[in-house]
């Protein structure tokens with residue numbers, strides 16, 4: 001009885017082991033490499049699979065997801081013989097599980113070591129200043145070199161990112177002094193530029209003010225000239241109109257007599273003013289006779305009329 005029980009238990013265990021080795025469930029975004037009697041047989045994709053017990057075995061398990069692997073810190077020497085310490089992160093993905101299994105022993109270790117050597121080679125070709133300015137270019141060159149070398153390994157190098165660049169203390173101090181001097185230089189330049197702009201603005205303002213004043217003075221002179229011309233024109237028109245009215249009045253009946261009477265009155269008035277002064281004047285003899293003066297004026301009017 002006990003022997004039968006033991007045999008039943010052994011058979012049950014054998015069944016369980018057989019089922020465990022036969023049935024395989026592959027998770028999503030994973031791939032299993034199967035070997036049959038020590039030789040590559042097939043690659044299992046995500047899902048349920050059945051294997052031949054004691055003949056097939058799962059030799060390698062790979063994830064098809066993108067992996068981020070840290071690249072250890074390493075010392076690199078730049079083109080101008082400055083030692084810097086650089087660390088980064090490499091992103092890669094398995095695209096061929098068979099090559100990733102048999103193409104290389106450990107593709108993760110190989111990728112990190114290749115990234116370090118490639119990075120040392122790239123940084124050795126550029127100066128220290130370019131190391132900070134051209135991080136993107138350095139990353140691209142490392143990715144290109146890694147992807148070319150990792151192609152037989154069945155992996156795809158997606159990108160490489162420099163995480164940090166450490167400099168020696170002496171270089172940091174020198175860079176700090178250089179940046180301080182550069183900031184001071186920029187401050188002086190900015191101040192001088194501001195003063196220059198201020199002087200330019202003031203001179204432009206004075207120039208514009210002078211132009212405006214000259215334009216205003218020009219317009220004032222033009223306005224005064226036009227006013228004087230208009231005044232002369234109006235005076236001339238008024239004088240002409242007055243002379244015309246006087247001429248019409250003279251030509252009317254009794255006009256000459258009125259002119260003669262007016263002339264005689266003005267003559268007497270002005271001659272009387274001369275008599276009040278102590279000045280000694282020499283006058284023509286005919287001007288002492290009012291009648292002669294009036295007759296002369298009347299004769300002149302007749303001449304004008306003719």
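Here, each number is a calculation from the coordinates, and none is a lab measurement. Small disclaimer: the values here were computed from a predicted structure and weren't measured. Heads up, the Cβs are rebuilt from the backbone with ideal geometry, glycines too, and the neighbour counts pull from every protein chain shown.
What is the extension gain from residue 151 to residue 195, computed as 0.36 nm multiplied by their sequence separation minus the C-alpha to C-alpha distance, in nm to one decimal?
Details: separation 44, 0.36 × 44 = 15.84 nm, distance 6.20 nm.
So the extension gain works out to 9.6 nm.
Determine, for each peptide in 154-163, 130-139, the mean count of other beta carbons within 10 angstrom over its residues, then list the peptides with the highest first.
Working: 154-163: 18.5, 130-139: 15.5.
Result, highest mean Cβ count within 10 Å first: 154-163, 130-139.
Tell me, 183, 36 in order of fewest to most beta-carbon neighbours within 10 Å?
Working: 183 10, 36 14.
Ranking 183, 36 by Cβ neighbours within 10 Å, fewest first, gives 183, 36.
Got a sec? Which residues in the range 116-158 would a label at residue 67 touch, if it sits 7 Å along Cα→Cβ and we count backbone N under 12 Å?
The answer is 154-157.
What is the Cα coordinate range of the range 91-149 on the first, second and third principal axes, sorted by size from largest, in whole angstrom?
Taking max minus min along each principal axis of the Cα atoms, the range 91-149 gives 43, 16, 14 Å.
Taking each pair of different alpha-carbon atoms in the range 2-63 once, compute 1/r for the pair, average those values, and report the inverse of that mean as the Kirkwood hydrodynamic radius in Å to one decimal. Each step should come with its number before you reach the end.
Numbers: mean 1/r = 0.0778 Å⁻¹.
With all distinct Cα pairs of the range 2-63 included, I get 12.8 Å.
What are the equivalent ellipsoid semi-axes of the range 67-167, built from the alpha-carbon gyration tensor (square roots of five times its eigenvalues), in whole angstrom, biggest first?
Details: eigenvalues 140, 26, 24 Å².
Its equivalent ellipsoid spans semi-axes of 26, 11, 11 Å.
Between residue 16 and residue 45, what is the label-to-label distance in nm when each label sits 7 Å out along the Cα-to-Cβ direction?
3.4 nm
So, R0 is 51 Å and r is the distance between the beta-carbons of residue 202 and residue 134; what FRET efficiency does that work out to, to 0.05?
Values: r = 45 Å, r/R0 = 0.88.
The calculated FRET efficiency here is 0.70.
Subtracting the Cα-Cα distance from 0.36 nm times the residue separation, let me have the gained length for residue 58 to residue 177 in nm, one decimal. Each step should come with its number before you reach the end.
Details: separation 119, 0.36 × 119 = 42.84 nm, distance 6.13 nm.
Contour length minus Cα-Cα distance gives 36.7 nm.
How would 33, 26 line up from fewest to most surrounding beta-carbon atoms within 10 angstrom?
Working: 33 20, 26 17.
So the residues, fewest neighbours to most, are 26, 33.
Compute the distance in nm between two label points, each set 7 Å from the Cα along the Cα-to-Cβ direction, one at residue 35 and one at residue 230.
Here the answer is 11.7 nm between the modelled labels.
Taking other Cβ within 10 Å of each residue's Cβ, how do 49, 62 sort, fewest first?
Numbers: 49 17, 62 20.
Starting with the residue having the fewest Cβ neighbours, the order is 49, 62.
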